[in-house]
Amino acid sequence: MTVAWVFPGQGSQKIGMVKQIEDLPYTKERFNYASEIFERNLFEICEFNSEPTNPISDLNNTSNTQICLFLVESILLDALKENGFKPTYVAGHSLGEITALYSADVFSFEDCVSLIKVRSQLMANAGQGSMAALIGFDRNQLDLLVEKIDDIVVANDNSSSQVVLSGSDAALDNLSREITCKRFLKLNVSGAFHSPFMKEPSEKFSEYLKQIKFQNPSFPVISNYDPTLCSDPIELKTRLRNQMCNGVRWRETMDLMGKDSNLHIVEIGPSNVLSGLGKRHLKNVKISQVSSLDQLTY
């Protein structure tokens, strides 16, 4: 059977998600290490969210969300590996692509923490544009409107019935008045992620990536920028460099995985966001969730 490990990104975080893994190996050590790098108590942020009105202590602040999700996902995946599990290939949604690369041994845990600190701060300080989730729509109408309206792109092509748009506030408002859909929801984010609005942060991230050495992956990785199986470390770096200002092509990722008639998708992370997308988009595919100490099997 083909086993695909998939890792979610922002939006899958949950208060209390550390409680599910606090007795796993590496949990205390990794949270302590990352807390020193980020100069804040990430365990408390992840567990209690004691000061949600203070951005520094808010789990939903991009600067905290990304590292906390990576920590939880990395601890779970390494526990699976120690129990003898391994995937055929891996994929991740946005931030989850970094976890996927880590799971394939492309770079170290320490490199990931430093990389995510740079990435999350650049995104948190982006300051341009906004995002909106769109659910239940006609794809042809959406494509025509995106082509017609300036300053708007599909940032996350999640499935045939769910996308996230990035663009200027005016462009998003314009599209919301013209599109026929079940739901149009503006997101509380600091910028228009995965769009040309991220050009400057993306260039700075690319400069940082130059100093990170990408090793040969232990198994193929599907990237957001180019959803094909890849085992070339140079190409994987190029794809990650392009990710920040280009869309997450998750629908195409699922289509690629769905070509296998004997597929088992395993979502590793605190929630079932990608599992839900997979169940709605794919047929006759086994899907499992690994989010706690009690679920280290599939």
By the C-alpha gyration tensor axes a ≥ b ≥ c (rounded if a/c is under 1.5, else prolate when a/b exceeds b/c, else oblate), the shape of segment 209-264 is oblate
quick shape note, segment 174-270: Cα extents on principal axes in Å, largest first -> 47, 41, 25
Expected sort for 2-14, 175-187, 73-85 on mean C-beta neighbours within 10 Å, highest first, is 2-14, 73-85, 175-187
The farthest towards the positive end of the charge dipole of the chain, of the residues LEU42, ILE56, CYS68, given +1 on Cβ of Lys and Arg and -1 on Cβ of Asp and Glu, is CYS68
Taking only C-alpha positions in segment 236-298, Rg and Dmax in angstrom work out to 13.6, 37
CD proxy, 222 nm, the chain: helix-only mean residue ellipticity via -39,500 (n - 2.57) per DSSP H run with n ≥ 4, per residue, nearest 500, stands at -12500 deg cm²/dmol
Cβ-Cβ cut-off under 14 Å around GLN10, Lys and Arg +1, Asp and Glu -1: the net charge is -1
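Among the trypsin sites (Lys or Arg not before Pro) within segment 237-298, which fall in a DSSP loop and have no more than 10 other Cβ atoms within 10 Å of their own Cβ? Could you put the intermediate results ahead of the total?
Working: sites: LYS237, ARG239, ARG241, ARG249, ARG251, LYS259, LYS279, ARG280, LYS283, LYS286; in loops: ARG249, LYS259, LYS283.
Listed in order of number, the matching sites are LYS259, LYS283.
Local charge sum around LEU296 (other residues, Cβ-Cβ under 13 Å, Lys/Arg +1, Asp/Glu -1)?
Values: positive: LYS81; negative: ASP23, ASP78, GLU82, ASP294.
Local charge sum for LEU296: -3.
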Cross-link reach from LYS210 to lysines, straight Cα distance under 18 Å and at least 8 residues apart if same chain, gives LYS117, LYS199, LYS237
Taking only the alpha-carbon positions of segment 1-42 as identical scatterers, the Debye log10 I(q)/I(0) at q = 0.15, 0.21 Å⁻¹ comes out as -0.53, -0.89
Over segment 1-144, the quotient of the Cα radius of gyration and 2.2 N^0.38 Å is 1.13
Ranked output for segments 88-95, 211-218 by mean other Cβ atoms within 10 Å, highest leading, reads 88-95, 211-218
Taking Cα atoms only, Rg over Rh for segment 65-165 with Rh from the Kirkwood formula is 1.07
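How large is Rg over Rh for segment 130-187, taking Rg from the Cα atoms and Rh as the Kirkwood inverse mean of 1/r across Cα pairs? Can you show the working numbers first?
Details: Rg = 9.7 Å, Rh = 10.9 Å.
Checking Rg against Rh, the ratio lands at 0.89.
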Cα extents of the chain along the principal axes, largest first, in whole Å, come to 51, 47, 35
Short to long, in 5 Å steps from zero, the percent of alpha-carbon pairs of segment 128-237 per bin is 2, 11, 18, 19, 15, 12, 11, 8, 3, 0
Quick calc, the chain, dipole around Cα centre from Cβ unit charges on Lys, Arg (+) and Asp, Glu (-), nearest 20 debye, gives 600
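Just so you know, all these numbers are worked out from the coordinates, no wet-lab data involved. A quick note: this is a predicted structure, and the numbers were derived from the prediction, not measured. Every residue, glycine among them, receives a Cβ derived from its backbone with ideal geometry; neighbour counts consider all protein chains shown.
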